[in-house]
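Written out below as structure tokens is the structure these notes cover.
Please treat every number below as a calculation from the coordinates, not as lab data. Since this is a predicted model, take the numbers as computed values, not measurements. Backbone-built Cβ (ideal geometry, glycine too); neighbour counts: all protein chains shown.
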Amino acid sequence: MTFIEFLDLHFRLNTLTVFRAVLDDPVINALDLCVAQASTVASLLEEDSEDEDENTPDVAAESYQLSLDYAEFVSLLFASEAKGLSAYVLNAIVDDENVYLRRVGAGQKVAPAMTTAVEAELATFQELSDLMPSDFLDILPSVMADSLPVFDTEHVDLVGTYHDRVTHIGSYGYGMYARYHVFRVDDDGSIVPVRHPDPIRLSDLVDYERERTIILDNTRALVAGLPAANILLTGDAGTGKSSTVKAVVNELAPEGMRILEVRKEQLRSIPAILDELTRNPLKFVIFIDDLSFSNDDDNFAALKAILEGSVSAKSDNVAIYATSNRRHMVKERFSDREGDDVHRNDTMQEIISLSDRFGIRVSFSKPDKATYLDIVHKLADDADIEMDQDELDLLAERFATRRGGRSARGARQFVDSLLSQQQ
């Protein structure tokens with residue numbers, strides 16, 4: 001590249017408007033410093049060619065600085081574990097949650113001037129992603145260039161790929177929602193990604209087909225933009241309630257499904273969360289695991305208001321899935337049935353009826369012996385465990401007895417214990 005080409009690219013990068021936040025990316029920033037320094041070196045080399053090496057000391061000093069800048073850039077690119085420069089630049093602009101994507105995602109009209117700016121800036125990023133190691137190393141003295149590493153890169157149709165993602169923004173999403181599909185609420189109320197979520201798939205689950213189908217069909221309706229109900233999953237511990245929700249979302253993530261895990265003490269944050277999610281083009285399951293209340297729990301009223309669909313909490317792209325080992329979710333003692341509350345019966349009915357505010361209730365019962373052993377057989381088969389079936393059944397029953405009863409979780413733990421013994 002010539003001095004003018006380097007300078008022009010540096011100028012266009014630093015006058016970005018829609019994608020301006022991308023300049024804060026450490027790798028992009030380091031690459032921009034390389035481009036700027038390369039323009040300086042290229043300028044001096046062009047002057048030298050005309051002035052008989054008059055500026056040789058300046059060339060050496062600026063070349064040395066370019067070597068340092070280049071090494072810093074390559075170090076950061078390597079540390080990112082990206083497949084190459086082009087892949088990194090593509091991820092950087094796709095992850096950028098800019099005003100253009102927010103308007104497209106919300107179905108709002110985009111001004112022609114903004115569209116024009118986006119096209120120009122995408123062309124700049126295309127040129128940036130097409131840079132080769134030789135663009136920098138060829139203008140350095142060989143003694144410097146020979147000691148510097150090259151970085152991987154290959155041409156990517158960045159502009160076309162970005163437009164495809166915008167066209168299908170309801171499946172891809174944008175910002176952190178494009179890279180991750182599982183999220184949680186931080187202590188300060190902000191939504192953060194879960195970088196290493198449970199990878200469980202529907203194919204990993206055994207039995208409970210009827211229960212799983214109900215949840216899958218409702219979630220598919222949500223993805224399709226059809227009316228979807230809030231779901232309460234109740235039943236004994238270890239029967240696969242949480243695993244089913246996670247597996248369903250993992251299965252539908254490529255179609256635009258995301259899950260946000262919320263703890264019980266964060267329920268009051270849900271209306272604010274919904275305000276943030278309502279304009280997002282993706283679909284979300286707000287997942288509350290192992291939910292239960294005491295009868296004087298302030299979070300009880302918060303959940304009730306959300307399930308009743310208050311104005312601030314209603315969102316067509318969000319459904320709430322909760323699991324509970326209690327059918328009524330409220331811990332109740334016999335002594336609670338007494339007291340001086342004049343309308344005690346009404347109070348108790350309000351507590352018990354909380355579960356009725358979920359449109360769908362699915363019960364996961366503790367498996368009987370036949371179901372439990374069927375789960376064990378399928379898990380053992382998937383794990384390639386070779387054992388006489390009678391012996392396998394005997395050991396599985398002994399394991400369940402020691403653990404206090406049969407469950408799908410217990411079946412998996414039993415099979416895992418057999419695998420560990422084979423190591």
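Assuming R0 = 45 Å, what is the FRET efficiency of residue 213 and residue 71, from their Cβ-Cβ distance, to the nearest 0.05?
On the way: r = 56 Å, r/R0 = 1.25.
According to the calculation, E is roughly 0.20.
How long is the gain from residue 117 to residue 419 if the chain were fully straight, where each residue apart is worth 0.36 nm and the alpha carbon distance is subtracted?
Details: separation 302, 0.36 × 302 = 108.72 nm, distance 5.78 nm.
This chain segment gains 102.9 nm when fully extended.
Below 8 Å, C-alpha to C-alpha, sequence gap of six or more: please give me the relative contact order for the chain in percent. Walk me through the numbers on the way to the answer.
Numbers: 573 pairs, mean separation 58.4, N = 423.
So the answer I get is 14 percent.
Just to verify a number: FRET efficiency for residue 8 and residue 176, C-beta to C-beta distance, R0 = 25 Å, to 0.05?
On the way: r = 32 Å, r/R0 = 1.29.
The computed FRET efficiency comes out at 0.20.
Charges on Cβ only, +1 for Lys and Arg, -1 for Asp and Glu, centred on the Cα centroid of the chain; of 170, 125, 399, which one is farthest towards the dipole's positive end?
So the residue furthest toward the plus end is 399.
Quick check on the chain: of the DSSP beta bridges with both residues there, what percent are antiparallel, nearest 5%? Don't skip to the end; give the middle numbers.
Details: 3 of 27 bridges.
Roughly 10 percent of the beta bridges in the chain run antiparallel, per DSSP.
What does the charge dipole of the chain about its Cα centre add up to, to the nearest 20 debye, if the Cβ of each Lys and Arg holds +1 and the Cβ of each Asp and Glu holds -1? Walk me through the numbers before you get to the answer.
Working: 41 positive and 75 negative charges, 754 e Å.
So the dipole magnitude of the chain works out to roughly 3620 debye.
Which whole DSSP H helices in the chain pass both tests: a Cα extent of 30 Å or more along the axis and a mean Kyte-Doolittle value no lower than -1.0?
Working: long enough: 26-51 (37 Å, 0.36); 56-79 (34 Å, 0.48).
The answer, listed by residue number, is 26-51, 56-79.
Amide H to amide H under 5 Å from residue 364: which residues, 5+ apart in sequence or cross-chain, H placed 1.01 Å off N in plane?
So residue 364 has HN proximity to 234, 235, 236.
For the chain, compute the number of Lys pairs whose alpha carbons are separated by less than 20 Å, excluding pairs fewer than 8 positions apart on the same chain.
Lysine pairs, 8 or more places apart or on different chains, close enough: 16.
Whole-Hz ³J(HN,Hα) for each residue in the range 189-203, computed from phi via Karplus 6.51 cos²θ - 1.76 cosθ + 1.60 with θ = phi - 60°, x for glycine and proline: what do you get?
x, 7, 8, 10, x, 9, 6, 10, x, 4, x, 4, 10, 4, 5
Based on the mean of other Cβ atoms within 10 Å per residue, sort peptides 393-406, 106-119 so the most packed one is first.
So the peptides 393-406, 106-119, ranked by packing, come out 393-406, 106-119.
Hey, can you grab everything whose amide H is under 5 Å from the amide H of residue 284? Only 5+ residues off in sequence or another chain; H modelled, so Pro and N-termini drop out.
258, 318, 319
On full extension of the chain, what length is gained from residue 220 through residue 397, given 0.36 nm per residue of separation minus the C-alpha to C-alpha distance? Intermediate values should be presented prior to the final figure.
Details: separation 177, 0.36 × 177 = 63.72 nm, distance 3.70 nm.
Result for the pair: 60.0 nm of gain on full extension.
Taking semi-axes √(5λ) of the Cα gyration tensor in Å as the quantity of interest, determine which of (i) 57, 26, 20; (ii) 41, 25, 24; (iii) 56, 29, 18 was computed from the displayed structure.
Computed from these coordinates, semi-axes √(5λ) of the Cα gyration tensor in Å corresponds to label (iii).
Can you give me the long-range amide H partners of residue 153? Hydrogens built in the peptide plane at 1.01 Å from N, cutoff under 5 Å, separation of 5 or more residues or another chain.
The list, which skips near neighbours in sequence, is 85.
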